[in-house]
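Everything on this sheet refers to the single structure shown next.
The numbers here are math on the coordinates, done by the rules we state, and not lab data. Since the model is a prediction, treat every value here as computed from it, not as a measurement. Neighbour counts are summed over all protein chains in view; Cβ atoms, including those assigned to glycine, are modelled from backbone coordinates with ideal geometry.
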Amino acid sequence: MQDRYQPSLVEATAQEFWKSKDAYRVTENAVDGKGNPKPKFYACSMLPYPSGKLHMGHVRNYTINDMMTRQLRMKGYNVLMPMGWDAFGMPAENAAIKSNVPPAKWTYDNIAYMRKQMQAMGLAIDWSREMTACDPNYYKWNQWLFLKMLEKGIAYRKTQVVNWDPVDNTVLANEQVIDGKGWRSGATVEKREIPGYYLKITDYAEELLTTVRDKLDGWPDRVRAMQENWIGKSEGVRFAFTHDIRNSDGDLVNDGKMYVFTTRADTIMGVTFCAVAPEHPLAQIASARNPDIAAFIEQCMKGGQTEAEIATREKEGMDTGLKVTHPITGDSIALWVGNYVLMSYGDGAVMGVPAHDERDFAFANKYQIEIRQVVQVGSHTFDNKVWNDWYADKQAGTLIQSGQFDGLTSTQAIEQIASTLEEKGLGARKTTWRLRDWGISRQRYWGTPIPIIHCESCGPVPVPEKDLPVVLPENLIPDGSGNPLTKDEAFLSCFCPSCGKPARRETDTMDTFVDSSWYFMRYTSPDSNEAMVDERNDYWMPMDQYIGGIEHAVMHLLYARFWTKVMRDMGLVKFDEPFTRLLCQGMVLNHIYYARNERGGIEYFWPEEVENTYDAKGSITGATLKSDGREIIYGGVGTMSKSKNNGVDPQSLIDQQGADTARLFVMFTSPPEQTLEWSDSGVDGSLRFLRRLWASAYNHQRVITEAVPGLATTDWSKASPEVADLRRTIHSLLKQTDYDYERIQYNTVVSGTMKMLNAIESAKLDSETLCSQALAESFSILLRVLYPVVPHITWQLWRELGLEKVHGDLLDAAWPQVDARALESDEIELVLQVNGKLRGSLRVASNATKPEIESLAAAHEAVAKHLQGSAPKRIIVVPGKLVNVVG
């Protein structure tokens, strides 16, 4: 055994052994040594995008998964930990534009490097199941299921509004629109209507909502709430404002009815204006009549149109001069066009109730529109100029200035007003959803080709199943001037499957959320050529533990749940939900340092370039550059980012201090679900602990190796008090770490192993056989508990100490069991208080009676000292915990 811990040598040796044994290949229906079926456990991390290098967030995520996998394997489970690559998407195209190489080459090169990094981390990944989203053998099944959805009406084609960059002549994703301009060209983005394909996720809205509310107990509450809010079920009334607005042919627009939806029918008597989206038919009528309105609508159509952008945008509008009629009062209501009204939500029109809606309140004050209070809460005074939250309270409200509805509570009024609208034939109770059908068409090259052929005679025609996959050419290089597929004749040219005439392929590709909606099932059936998944999927799914960032809490998880339900309804799977438990790990943070340059721009600096200044409490108050002493700004801590020069290269850390050091640090420093602040001193401390562990094993190697053979037959009943104390400590810590593993509190697992090593090193043992065996037992427990955290060093020490001769290779060694007898003690230690203050401890027999404890406490020297010889007035005994002597 080497006298000094050498991480690179230890890790290379362990990884070569695991590779030679193909140690992590997993098969279905595995059995234990007695021929009994092992329980299965499927633990999976969200697949990474192959951006080029792992970051510390990856290291943390995958180490959590790896700890779970290794520990459960030792506990007798058949555990699957796979890995793949979310390989399609815009970053590859952007990199291709910048470097003038095909996205395919950039992607595959990055995958090769990142796979090598994962292997250097020692992750227990079954690489035989690796999947890559840009592999035709994978995306063939995206195309196949899309065609099945098309047959069943779940997929359909309709016109969609897109962001169009008029300079680059390309469609932009919402995140590529910055302040209304194209991210690359800087041109003002336009809105264009083009056809695209949608999936009817709204058909599953009720089930998606019910299940996330009632069944997903293994998910964090905040993620369930986020999903529930995104699905957004609203129960209210859809009703019409009538009008006499006619088109150029003299026909009533929409039969003279403008529909709105509201959950606040109780405020209907407070309507003082209505607003429609710029695309609404009534807005178009106004636009044709008034050039100023036309110009305003054109301006509204520029920039992003997501709900997030709308929410933060300055609310602007213009009075169209048109009028609609209030359905109850018959009053004439002004019709506005507003940049904050979405045509995709409801009917593209809203009723304006400024007194009881914060957005309408601000809008009305901006444009001097009447604000009419119709709901009163308690004795509050209403102020037309200052918004107060109680204005929108519908739980405690009573109607005023509402005619026949005066005096009703908001709840009563909603029911009566709904009935009144129904009687008039102008409205009906309705449930609406915030959730919209999923538009999967992307006017981009690097993605799954949509399997449609366009024929001048037959229209859009599905590609026959026998011709799948429609293979994406991998040799094209985007130049920023649109989708290169539209210029690739070899891809475009084909024949219509229906009539045989020359035709053209669809050049839109699928949203990359399609790729990530079922990849975790493909891991179970990676080589299936005849189906998306086969019977092996029935063995592994649903997944037992899913691990990933909170940033994916809504879209990815929602789409994966929807995709699973579609597969279920097509008879492909037998379960309703894909993920039984979900863990969202916290972000990894690091310090941020920057300075402003002469033009006002920000220049960031790496933490290692900086010298910190501290206050008396040790908090950073400022910083200077080491190179020239210039003062720079300390920006606090934030998520690690290449753009802010505060990332840490895992590969550099692995090369210099070892993968086990990196793993130990990210697991010990913070609970998995909380943020982790980077600390170089913390990394150094992790390495020191591993060196100490190695040194302790080295110092005790001979004693342990000689004692190991007799462990199985040891009679601990004759143990000395010193041996009993050590075993009690080790087994107590084992009991706690068992609990911590179960609840995925891996930071306290590491803390427990550190306490184990402290106990071993501080134990006062002699050379007797039982002492040696206690030492061997303690190390065997310590190494097994620590192994899932730092598998390389523990595997090597296990072999060096001869423990594999008794327990087998550490990879499959049985998880240690708590010896209940070791937890028993002839004596216990009680906290000793005098007048409620801690004054020491009291050792008593474990079976001591209350009078015996009182007698020992009264005679304790600390009691005599602090009572100054006075007799105790009262002695309070809390069994098993403390004694309080009151004088």
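Computed from the C-beta positions of M555 and R692 and an R0 of 56 Å, the FRET efficiency is 0.75 to the nearest 0.05. Remark: relative contact order (the chain) = 13 percent; criterion is Cα-Cα distance under 8 angstrom and separation of 6 or more residues. The residues packed around P354, meaning those with a beta-carbon under 11 Å from its beta-carbon, carry a net charge of -1 if Lys and Arg are +1 and Asp and Glu are -1. Note: relative contact order over the range 233-426, using C-alpha pairs below 8 Å and six or more positions apart, is 24 percent. The calculated pair-distance distribution of the range 827-886 uses every alpha carbon pair, bins of 5 angstrom beginning at 0, and gives 4, 21, 38, 24, 11, 2, 0 percent. The order of the peptides 183-191, 510-518 by mean Cβ neighbours within 10 Å, most packed first, is 510-518, 183-191. Report which label in (i) 55, 32, 30; (ii) 50, 41, 28; (iii) 60, 39, 28 holds the value of semi-axes √(5λ) of the Cα gyration tensor in Å derived from the coordinates of this structure. Matching the structure shown: (iii). Over 21 Å between Cα atoms: which of K53/K642; K53/K116; K152/K215; K140/K191 fall into that group? From the list (K53/K642; K53/K116; K152/K215; K140/K191), the Cα-Cα distance tops 21 Å for K152/K215; K140/K191. Working note: 222 nm ellipticity from helices only, DSSP H runs with n ≥ 4, each -39,500 (n - 2.57), summed and divided by the residues of the chain, gives -11000 deg cm²/dmol to the nearest 500. In summary, the lysines within cross-link reach of K34, defined as a Cα separation below 27 angstrom excluding same-chain residues under 8 places away, comprise K19, K21, K75, K735, K805.
Counted over the range 794-887, the DSSP beta bridges are approximately 75% antiparallel. The shape of the range 588-639 comes out oblate: with a ≥ b ≥ c from the C-alpha gyration tensor, a/c is at least 1.5 while a/b does not beat b/c.
Taking the DSSP beta bridges in the range 577-689 as the whole, what percent of them are antiparallel, to the nearest 5? Antiparallel: roughly 90 percent of the beta bridges in the range 577-689. Can you give me the Cα centroid spacing of the range 518-537 and the range 441-513 in angstrom? Result: 26 Å between the Cα centres. Taking packing as the residue-averaged number of other Cβ atoms within 10 angstrom, the listed peptides 398-405, 577-584 run from highest to lowest as 577-584, 398-405.
Could you check what % of the DSSP bridge pairs in the chain are antiparallel, to the nearest 5?
Values: 88 of 111 bridges.
Bridges in the chain that DSSP calls antiparallel: roughly 80 percent.
Each semi-axis of the equivalent ellipsoid for the range 618-684 is √(5λ) with λ an eigenvalue of the Cα gyration tensor; in descending order they amount to 24, 16, 12 Å.
Charges were assigned to the Cβ only: +1 to each Lys and Arg, -1 to each Asp and Glu. The resulting dipole of the range 677-823 about its Cα centre is roughly 140 debye. Centre-to-centre separation between the Cα atoms of the range 73-124 and those of the range 380-400: 55 Å.
The modelled label-to-label distance for the pair D203/N847, using points 7 Å beyond Cα in the direction of Cβ, is 7.2 nm. When the label point is put 7 Å from the Cα of S344 along its Cα-to-beta-carbon vector, which residues of the range 135-173 have a backbone N closer than 20 Å? Inside the label zone: 154-166, 170-173. According to the Cα-based calculation, Rg over Rh for the range 483-535 is 1.15, with Rh computed by the Kirkwood formula. Toward the positive end of the charge dipole of the range 341-493, with +1 on the Cβ of Lys and Arg and -1 on the Cβ of Asp and Glu, the farthest Cα among A349, A490, P469 is that of A349. If R0 is 51 Å, what FRET efficiency do you get for C494 and S234 from their C-beta distance, rounded to 0.05? The pair C494/S234 has a calculated efficiency of 0.65.
Distance between the modelled labels on I602 and I633, one decimal in nanometres: 0.7 nm (7 Å Cα→Cβ projection).
With +1 on the Cβ of every Lys and Arg and -1 on the Cβ of every Asp and Glu, and nothing else charged, how large is the dipole of the chain about its Cα centre, in debye rounded to the nearest 20? Walk me through the numbers on the way to the answer.
Values: 96 positive and 114 negative charges, 222 e Å.
With Lys and Arg at +1 and Asp and Glu at -1, about 1060 debye.
The gain in end-to-end length when the D383 to R246 segment is fully stretched comes to 45.4 nm, 0.36 nm per residue minus the alpha carbon separation.
Straight-line reach from K302: which aspartates and glutamates fall under 20 Å, measuring Cα to Cα and dropping same-chain residues less than 8 apart? Within the straight-line cut-off, K302 pairs with D165, D168, E175, D179, E190, E193, E279, D292, E314, E316, D319.
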